[in-house]
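The values are calculated or read from the model by the stated rules, or taken from the named source; none is laboratory data. In this text the structure is predicted, and so the values were computed from the model without any measurement. Cβ atoms come from the backbone with ideal geometry, glycine included; neighbour counts cover every protein chain shown. Just the protein is used for accessible areas: all its heavy atoms, side chains included, with ligands, DNA and RNA removed. Shrake-Rupley method; radii C 1.70, N 1.55, O 1.52, S 1.80 Å.
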Amino acid sequence: MIEVITGNEKILSAYRLEGSGCSLPAGQVGGDFFEFISCDKRTVFAVIGDVMGKGFHAARLMETIRHMLRECIRVNPHPLEVVRRLNKVGGYELRKCGAFATLCLLCYDGITGRLSCVNAGHHPPILLSDGEVKVVRCRGVALGLLEDYLGSGVEEFSLAAGDAVVLYTDGLVEACGPGEQRYGQERLREIVRLQYGAGADRMKKNILSDLETFTRGFPQKDDVTLVVMKVTGKAGERVGD
Amino acid sequence: MEIRVRQQKGMAILEVEGELDFSNVDQLQQEIQRRPEEVVEIDLQGLRFIDSSGVGMLLSQARHFFSQGRTLKIVNIPDLIREDLEVIGFFQVLEVLKTNPNA
């Protein structure tokens with residue numbers, strides 16, 4: 001896996017997959033985060049999350065959750081077990097501070113082309129396949145709100161070459177322009193649909209550019225984080241890292 | 001944010017108007033905590049925005065109320081805010097806490 005990190009941006013290239021993500025804090029250090037985590041020679045995790053609150057406090061909790069997430073993947077990489085365990089250990093830390101965190105975990109198998117998704121109170125990802133968009137259905141309660149994770153389980157998809165997945169935080173769809181109207185799910189789905197054929201980094205840049213057109217530089221209340229992953233080769237092809 | 005308090009049949013109704021966020025969440029929390037009634041209703045009809053701090057505070061107060069055998073109701077939630085709360089699992093948590101405040 002090759003990961004290039006520049007400021008608040010990361011670009012991933014591995015397992016017939018390209019990924020591009022960035023996090024734009026609203027004014028100060030925020031609680032949004034995203035990660036690409038390599039598990040073995042065929043599996044990569046993409047995670048996006050949002051820790052409640054703002055500033056140093058949220059940023060510190062966010063770092064704790066990120067660290068625990070890696071540890072949970074190391075102990076048992078099954079996606080549902082990762083989220084269950086993270087809710088146990090991370091949820092304890094969050095509850096101590098009266099906080100919670102939303103998180104969406106994707107696990108991509110480069111050999112089979114299968115994508116697994118587990119959700120803990122986060123906006124579900126958008127899939128782009130053959131020019132059509134589809135919103136993933138899996139749901140769950142945010143980390144730290146209940147002692148035991150409660151959710152709809154693992155949702156699985158088979159991805160083909162050219163298919164893409166978009167992860168985002170609430171700051172994107174709740175962004176406002178000079179009026180009170182939100183950027184919203186509908187506009188996001190439409191701009192994602194128009195990106196069919198583009199690479200992951202280009203998709204990310206085009207979505208952020210559309211957001212900027214909408215908000216017209218109006219200052220935002222919340223961080224905006226966006227991650228795009230795109231399959232670049234056919235499943236079954238030899239995987240290199 | 002503006003909070004109007006009404007009393008009705010032994011119940012307190014707190015009408016919240018404006019934006020509930022990190023900067024003013026303590027104000028509503030204190031208002032909820034100082035109510036002695038068995039049932040307190042938070043009316044969100046006039047709420048235009050709520051951030052995660054507001055959501056966390058409402059759930060933690062609900063947990064506290066249920067553990068005391070009291071009731072905290074959250075009513076008249078505007079549609080856009082209801083959608084955001086559904087994503088987090090807010091209503092699922094309230095349902096669980098009603099039967100088990102220690103969950």
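The H on the amide N of A:GLU174, modeled in the peptide plane, is under 5 Å from the matching H of A:GLY184, each at least 5 residues off or on a different chain. Entry note, the stretch A:139-240: relative contact order of 39 percent, from Cα contacts under 8 Å with a spacing of 6+ residues. Rg and Dmax, both from the Cα atoms of the protein assembly as shown and both in Å, are 20.5, 71.
For chain A, calculate the relative contact order in percent as a whole number, restricting contacts to Cα pairs under 8 Å that are 6 or more residues apart.
24
For the stretch A:95-132, a decrease in accessible area of 30 Å² or greater in the assembled protein chains relative to the isolated chain, with a 1.4 Å probe, applies to A:PHE100, A:GLY121, A:HIS123. Between B:GLN45 and A:THR215, the C-beta separation translates, for a Förster distance of 22 Å, into a calculated FRET efficiency of about 0.20.
In order along the stretch A:222-234, phi translates into HN-Hα couplings of 10, 4, 10, 10, 9, 10, 10, 10, 9, 7, 9, x, 7 Hz, rounded to whole numbers, per the Karplus curve 6.51 cos²θ - 1.76 cosθ + 1.60 with θ = phi - 60° and x for Gly and Pro. Sequentially through the stretch A:136-150, phi angles give Karplus couplings (6.51, -1.76, 1.60; θ = phi - 60°) of 4, 8, 5, 10, x, 7, 4, 5, x, 7, 10, 5, 10, 4, 10 Hz, Gly and Pro residues having no value and appearing as x.
Computed from the C-beta positions of B:GLU31 and A:ASN8, the FRET efficiency with R₀ = 45 Å rounds to 0.75.
Taking the Cα centre of the stretch A:126-241 as the origin, how large is its charge dipole in debye, to the nearest 20, when only Lys and Arg (+1) and Asp and Glu (-1) carry charge on their Cβ atoms?
Numbers: 15 positive and 19 negative charges, 81 e Å.
Computed about the Cα centre, the dipole is about 400 debye.
For A:HIS78, the solvent-accessible surface with a 1.4 Å probe is about 90 Å², rounded to the nearest 10. Taking the Cα centre of the stretch B:2-99 as the origin and placing charges on Cβ (Lys, Arg +1; Asp, Glu -1), which of B:THR71, B:GLY18, B:VAL96 is farthest toward the positive end of the dipole? Towards the positive end, the residue furthest out is B:THR71. Between B:LEU47 and B:GLY18, the built amide H atoms are under 5 Å apart, and every one of these is 5 or more places off in sequence or on another chain.
Could you give the dipole magnitude of the stretch B:64-103 about its Cα centre, charging the beta-carbon of Lys and Arg +1 and that of Asp and Glu -1, in debye to the nearest 20? Please report the intermediate quantities before stating the final value.
Numbers: 4 positive and 5 negative charges, 66 e Å.
The calculation lands at about 320 debye.
Shape analysis of the stretch A:22-77 based on the Cα gyration tensor places the equivalent ellipsoid semi-axes at 25, 12, 6 Å, largest first. Working from Cα pairs under 8 Å separated by at least six residues, relative contact order for the stretch B:2-99 is 27 percent. Coupling constants for the stretch A:82-87 follow from the phi torsions by the Karplus curve (6.51 cos²θ - 1.76 cosθ + 1.60, θ = phi - 60°), and in residue order they are 4, 5, 4, 5, 5, 5 Hz; glycine and proline get x.
The accessible surface of the stretch B:2-99, taken with every protein chain in place and a 1.4 Å probe, is 44 percent carbon and sulfur. Ranked by solvent-accessible area (1.4 Å probe, protein heavy atoms only, all chains present), the residues A:THR169, A:THR6 order from largest to smallest as A:THR6, A:THR169. Shape index of chain B: Rg/Rh, with Rg the Cα radius of gyration and Rh the Kirkwood radius from the inverse mean 1/r over Cα pairs, equals 0.93.
Taking a straight line from the alpha carbon of A:LYS41, these lysines sit under 30 Å away, with near neighbours fewer than eight places off in the same chain left out: A:LYS10, A:LYS88, A:LYS134, A:LYS204, A:LYS205, A:LYS230, A:LYS234. Taking every protein chain into account, the accessible area of the stretch B:2-99 amounts to 49 square angstrom per residue (probe 1.4 Å).
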